[in-house]
Each structure stands twice: as structure tokens, then as C-alpha cells.
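The values are calculated or read from the model by the stated rules, or taken from the named source; none is laboratory data. Note that the structure is predicted; figures quoted are calculated from it, not measured. Note that we place each Cβ from the backbone using ideal geometry, even for glycine, and neighbour counts take in every protein chain shown. Areas reflect the complete protein model, heavy atoms only, side chains present, ligands, DNA and RNA absent. Shrake-Rupley method; radii C 1.70, N 1.55, O 1.52, S 1.80 Å.
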Amino acid sequence: MCVYCGEPFCVDHGEHGADYLEVCARPECNAKLQDVAAHHEWVRTHYARSRAGACVADGCTEPNEHECQRCRLRFCAEHLRPGTVTEYGPGGAQRVAMMLCPHCLARRKLWD
């Protein structure tokens with residue numbers, strides 16, 4: 001069963017990956033799978049800069065002061081914006097206000 005859309009699929013129409021990650025071949029679900037991989041890589045490559053105290057935004061030389069509530073990397077106040085995301089939990093889906101970096105703000109269209 002696909003972790004994104006909840007639909008069942010056979011081995012010829014999706015991926016059965018590590019840690020029981022099952023993703024069907026639908027374009028929307030495959031896009032989410034690719035986005036997750038790219039996002040993890042982006043966080044990994046920016047983590048050291050965040051930990052060193054610099055704003056993670058490309059080209060910014062300001063010290064970091066605040067944490068993005070989605071990726072947990074740190075940014076200066078200039079590079080965080082309020083936004084809403086859909087959180088899924090036991091009570092169903094609900095919209096939640098968060099302070100987000102430009103990278104996480106841009107990804108909302110795929111996830112909401």
C-alpha cells in the first residue's frame with residue numbers, strides 16, 4: 001500500500017524500498033518520494049553551516065537566530081516567514097502556522 005495515497009499496488013507499479021517504504025508509480029506519489037530524498041540531501045549539506053552559527057540561506061552572511069519549524073535548520077530573521085502547513089495526526093489533517101525557511105515554504109505546494 002502506498003505511503004502517500006494509501007492505494008494498493010503490485011511490484012510492477014511502484015517501489016518497495018528500505019524500512020517498508022512503499023510508493024506507487026503515480027506521478028504525484030513519485031514526486032513526493034523524489035522530493036523527500038532531495039530534501040534530506042539539502043538538509044545534510046546545510047547542517048554544518050547551521051551548527052556553526054551562520055544563516056543557512058545561500059549567500060547570507062548574517063548569524064542565525066531562529067530555527068525553521070519544518071527542517072530544523074537555523075536562519076537569520078530575514079530568511080524566515082510565517083506559513084501554514086498541513087499536519088496529519090490521530091485527529092486527521094489540520095492546518096498549522098509555523099515559521100518556515102524559503103526552502104520549506106517552496107515545498108508546501110507538493111505536500112499540501
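The sole residue among A52, A77, A57 that is in contact (Cβ under 8 Å) with a residue 40 or more places away in the chain and either farther than 30 Å from C5 by Cβ or among the charged types (D, E, K, R) (or both) is A57.
Looking only at residues in the range 79-90 that are at pLDDT 90 or above and assigned to a strand (DSSP E or B), the one that is surrounded by the most Cβ atoms within 10 Å (Cβ to Cβ) is R81. Set side by side, the residues C71, C76 differ, and just one is of a type outside the set (S, T, Y), closer than 17 Å to R49 by Cβ, under 12 Å from the mean Cα position of the chain (by Cα) and open to solvent by less than 70 Å² (accessible area, probe 1.4 Å), which is C71. Name the single residue, out of those in the range 1-37 being at pLDDT below 85, assigned to a helix (DSSP H, G or I) and not aliphatic (A, V, I, L, M), that is farthest from the chain's Cα centre (by Cα). Of everything passing the filter in the range 1-37, D12 is farthest from the chain's Cα centre (by Cα). In the range 57-68, which residues are of a type in the set (G, A, S) and surrounded by 15 or more Cβ atoms within 10 Å (Cβ to Cβ)? Result: A57, single match. Check A106, A93 and return the single one that is open to solvent by 60 Å² or more (accessible area, probe 1.4 Å) and assigned to a strand (DSSP E or B). Being open to solvent by 60 Å² or more (accessible area, probe 1.4 Å) and assigned to a strand (DSSP E or B) holds for just one of A106, A93, which is A93.
Screening the range 38-56 for residues that are among the hydrophobic types (A, V, I, L, M, F, W, C) and under 16 Å from the mean Cα position of the chain (by Cα) and picking the one that is surrounded by the fewest Cβ atoms within 10 Å (Cβ to Cβ) gives A38.
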